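Reading through the structure tokens given below for one structure.
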Amino acid sequence: MRLVNITFKDKAQLESDLRLYQIGLDTKEKYFIQIFGSLGREISEYLIDTLNQLLPGCEILVASSSHQIMDAKVSKDDIVLGISCFLHSTIRTAHFSSDVPEKKMAEELVSSFTSNTKLLIVFIEYFSVSGEEFLNEIYRLAPQIIVSGGKATGSGSRGVRTLVGDTKGIYLNGIVCAVIDSEILNVQNSYSFGWRPIGLALEVTKSHKNVVYEINHTPIKEIYKRYFGDDIFKTVEQDGWNFPFVFENTDGNMVGRVLDKVLDDGGIAFLGNIPEGSRVSFSFGLLENVKRDLFAENEKCPRRTQAIYMYSCIGRVLFLGLDGINDLLDISSDADAVCGFFTYGEVYHFNSENAILNLTNTRVLLSEDKFDFRPRESYLEFNQNKESRILNAMTHLLQVTSKELDATTKSLKSYRDMVDEAIHHNIIDRDLNITYTNEKMRNITGYTKEQIIGKNVLDVLNAEMKDYVLNEVVPTLRKKGVWSGKMSHIKADGSLFYVNTIIKAVFDSNGEVSSYIVGEIDRTDEELNQRQLEKDIKFLQYSDDEKRYLLKQYEELIDRNQSLFRLDLNRNFTYANSTFLSISGFKLADIIGKNIYEFLDDEQKHQFMQIGKALNEKGVYKGIIRHTRYDGTHFYVNSVGVYIKDLDGKPIEIMAVGTDITKIVESQQEIENVQKDVIIAMGTICEGKSRETGNHIKRVAKYSSLLAKLYGCSQEEQSLIEIASPMHDIGKIGIPDAILNKPGKLTPEEFEVMKTHTTLGFEMLKGSNRIILETSAQIAKTHHEWWSGGGYPCNLKGDEIPLFGRITAVADVFDAIGNDRCYKKAWPLPEVIEHIRSLKGKQFQPELVDLFLEHIDEFLVISEKYKD
């Protein structure tokens with residue numbers, strides 16, 4: 001192969017240069033032409049038409065740019081044609097509109113790859129597509145393929161519209177690609193960076209794709225003002241190129257992110273995504289580091305390759321200037337010819353991902369001959385002037401200082417993590433507003449993070465403690481810097497808890513308190529035990545007659561308000577009070593000496609076994625117990641059960657007290673039954689509208705419950721999905737009858753309308769605080785999502801799809817294809833089973849398919865019982 005670069009001026013000059021380089025005369029060559037420059041739509045389309053006329057069968061890619069690479073120099077105003085002449089390779093080009101989801105673009109493109117596909121070139125229109133999701137999907141589907149290219153740039157400034165094009169024309173949106181196939185083509189990619197982190201590593205705490213909102217929980221605009229000052233921030237869109245973010249990718253390579261623009265919503269956009277949770281640093285480009293990276297890359301690259309495609313960042317030009325860039329290109333262009341352009345984001349293929357880079361020089365080295373990896377000659381060092389040496393020294397000083405600060409920060413973070421793990425921990429500002437609280441503190445107080453952050457600490461203290469804090473604690477902290485003692489706080493539910501507290505004041509450079517660090521250890525049990533002990537001591541001071549009189553009053557109070565019974569350790573009744581006997585309908589003689597298990601059904605026996613386990617592990621049980629009355633009906637008691645122990649702490653009997661809540665439980669059950677009836681009625685109405693039988697929703701409900709059971713769901717979850725799943729197609733009420741009951745296949749437009757039944761159903765059911773309706777809404781929305789992705793309406797995949805949606809999907813499809821519908825006849829059972837098996841890992845979760853097929857006979861019993 002060979003690479004020829006031509007500067008386009010007019011058609012006559014182009015024809016002359018093509019003859020000069022004997023392009024088009026040798027019919028054995030296949031031509032791949034990359035066009036770069038300050039291109040408008042008219043000149044670009046004219047150039048494509050001209051090339052198609054002069055070189056029939058050629059393949060073309062176009063990207064607008066403000067700076068082009070032609071051999072070892074930068075061209076600023078020219079239109080440059082890089083013509084690759086292949087003897088043993090083929091090229092295919094394609095365009096994908098931004099209207100197509102990026103994952104779909106990738107799937108369609110990868111489906112055209114062959115076993116000989118060696119290289120993919122991608123040019124991205126900057127304003128319409130981010131490209132990152134497209135590149136991620138390409139890597140997932142074809143991780144071995146080298147991908148290169150970049151985002152088109154505007155001529156002159158970042159606000160100018162960009163364009164891309166291919167052999168068929170010019171586009172103002174989307175992505176254009178070239179796929180190169182060959183049995184013998186050798187391809188190697190490389191890149192060099194040169195920017196180094198300065199300052200502390202910072203955590204991105206709020207971001208969305210390429211827009212960052214918060215760093216270290218602080219608005220990003222405030223971060224820029226803090227580190228660079230107000231003057232720089234005023235011109236940050238112009239000067240931000242000089243201080244990009246850098247972070248390490250999964251391969252440990254440094255990735256840059258150049259600032260693009262400041263947004264009105266408080267965020268700052270970058271030329272590439274920055275994931276939330278990333279550890280980023282500001283950085284500065286050192287000429288010697290850029291050069292050093294280039295030398296290191298050259299050592300790993302073959303010599304004198306037949307062609308180099310180079311896609312570099314426009315930020316390198318803005319930072320180093322044309323002279324500096326041309327010097328660097330002379331080092332990195334060891335080839336017969338080089339073509340490329342300066343991008344708004346370079347496309348690069350790492351071992352573990354495809355990525356969009358910034359501030360990077362990327363290269364693809366190509367040869368249809370074998371690569372030559374002989375050692376190359378050494379290059380001369382750049383001569384640095386005095387200013388450059390001083391700047392490099394200062395930047396090196398910043399790097400070393402930053403590393404030391406970063407190490408200190410990590411050490412402090414380790415201490416903070418240890419504190420977070422060990423005690424309840426708050427940070428409070430000088431005005432006593434809470435700025436940080438750890439999970440231990442939130443767990444004990446019952447406040448969420450959103451509820452507690454920004455809350456004044458005085459708002460979680462009672463009146464007595466408020467006065468104490470203001471008049472004793474705060475003055476001591478301002479004077480001595482530390483205070484320790486006992487405190488009490490108010491939980492979210494209004495109750496008190498008690499803590500041992502130590503508070504450290506943090507002072508600023510002026511000696512004023514800037515914040516308070518609070519550490520606390522819960523002593524609620526200790527406090528309550530102490531108070532109980534004080535009561536017990538007081539009780540012991542009474543005479544025997546006084547004690548008996550007080551105990552009698554306690555017993556009478558319990559008898560009037562609480563049911564109570566006692567069991568020996570073998571679970572035999574030894575006592576039951578009048579309230580329990582009244583509720584249960586038993587007489588005392590009916591139960592005394594008898595074992596409680598004689599009065600329990602299987603479900604109740606299981607419950608009492610769990611109660612026994614709780615008593616053995618914790619010494620107490622709290623919960624609702626279902627009992628059976630004398631007449632066989634049930635009643636419910638909100639109970640507390642405990643072991644009664646002797647003076648040595650050994651259990652001697654069991655006592656249970658509780659409140660009758662039968663009416664409340666029965667009212668709740670009645671509400672749930674009404675909800676269930678309404679749901680089934682609504683589902684039946686919907687199925688009637690679509691000419692389905694009511695038995696369809698009954699079958700789907702039973703199938704879903706059975707599959708949930710096989711999957712290991714609890715009895716409550718099985719009942720819930722059986723009640724909720726009949727609403728899966730409720731949204732079809734809003735679908736026109738002409739589409740819903742069409743006997744033939746739906747058109748693409750009709751199918752798009754039909755797909756909206758998922759979101760219609762969700763909108764109808766969402767917002768309820770009833771778990772049945774909430775679950776029904778979830779199923780209605782997600783039962784057409786696919787396990788592998790590609791379903792609708794949200795294109796969820798895997799565990800992103802709620803379990804009940806995954807289960808109902810299997811049940812719905814099984815019933816739909818196994819029974820007659822208005823648009824088709826029922827399938828034979830073998831075909832049904834094979835179809836379900838074929839969707840394993842695609843539409844359906846593999847484990848659910850396996851369980852379904854292993855127990856197919858149980859599903860067929862349901863099908864037969866509720867057949868139409």
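The values are calculated or read from the model by the stated rules, or taken from the named source; none is laboratory data. The structure presented is a predicted model; accordingly, all values stated were derived computationally and were not measured. Cβ placement follows ideal geometry from the backbone for every residue including glycine, while neighbour counts extend to all protein chains displayed.
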Residue, farthest from Phe270 (Cα to Cα), within the stretch 209-239, restricted to residues that are in contact with a helix residue (DSSP H, G or I) (Cβ under 7 Å, 6 or more places away or on another chain) and modelled with pLDDT under 85: Ile232
Scanning for something over 26 Å from Asp590 (Cα atoms), modelled with pLDDT of 85 or more and in a loop (DSSP other than H, G, I, E, B), does the stretch 618-633 turn up at least one residue? no
Members of the stretch 585-643 that are touching a residue at least 40 places away in the same chain (Cβ under 8 Å) and among the basic types (Lys, Arg): Arg629
I need the full set of residues from the stretch 240-271 which are within 22 Å of Val129 (Cβ to Cβ), surrounded by fewer than 22 Cβ atoms within 10 Å (Cβ to Cβ) and modelled with pLDDT under 90, in order please. Asn249, Asp260, Lys261
Those residues of the stretch 343-376 which are within 24 Å of Asp260 (Cα to Cα) and hydroxyl-bearing (Ser, Thr, Tyr) amount to Thr343, Tyr344, Tyr348, Thr360, Thr362
Test of understanding: among Asp799, Asp850, Asp857, which residue is within 28 Å of the chain's Cα centre (by Cα) and without any contact (Cβ under 8 Å) to a residue 12 or more places away in the chain? Asp799
From the residues in the stretch 57-68 that are at pLDDT below 95 and not polar (S, T, N, Q), which one is surrounded by the most Cβ atoms within 10 Å (Cβ to Cβ)? His67
Hey, Tyr554 of a type in the set (Ser, Thr, Tyr), within 28 Å of Asp660 (Cβ to Cβ) and modelled with pLDDT under 90 or not: yes
Is there a residue being among the hydroxyl-bearing types (Ser, Thr, Tyr) and closer than 23 Å to Arg699 by Cα anywhere in the stretch 784-805? no
Residues within the stretch 843-855 that are assigned to a helix (DSSP H, G or I) and either on the phi > 0 side of the Ramachandran plot or surrounded by fewer than 16 Cβ atoms within 10 Å (Cβ to Cβ) (or both), tallied: 5
Assuming Phe284 fulfils every condition listed in (1) over 28 Å from Val187 (Cβ atoms); (2) at pLDDT 90 or above apart from one, which condition is it? (2)
All positions within the stretch 211-236 that are more than 28 Å from Ile427 (Cα to Cα) and surrounded by 15 or more Cβ atoms within 10 Å (Cβ to Cβ): Val211, Ile232, Phe233, Val236
Filter pass, Glu346 being buried (at least 24 other Cβ atoms within 10 Å of the Cβ), among the charged types (D, E, K, R) and either free of Cβ contacts under 8 Å to residues at least 60 places away in the same chain or not assigned by TED's automatic domain parsing to the domain that holds Arg257 (or both): yes
Looking at Leu135 and the list (1) within 19 Å of Val147 (Cα to Cα); (2) surrounded by fewer than 21 Cβ atoms within 10 Å (Cβ to Cβ), which single condition is not satisfied? (2)
Consider only pairs whose beta carbons are under 7 Å apart and that are at least six residues apart or on different chains; among these, list those whose first residue lies in the stretch 225-246 and is in the same structural domain as Asn210 (by TED's automatic domain parsing) and whose second residue is of a type in the set (Asp, Glu). Ile232/Asp239
State all residues of the stretch 370-384 that are surrounded by 14 or more Cβ atoms within 10 Å (Cβ to Cβ) and either among the aliphatic types (A, V, I, L, M) or modelled with pLDDT of 75 or more (or both); if no residue qualifies, say none. Phe371
Restricting to the stretch 358-372, name every residue that is farther than 30 Å from Phe284 by Cα and touching a Leu at 6+ places or on another chain (Cβ under 7 Å). Leu366, Glu368
Scan the stretch 30-42 residue by residue and report those that are surrounded by fewer than 22 Cβ atoms within 10 Å (Cβ to Cβ) and at pLDDT below 95. Ser38, Gly40, Arg41, Glu42
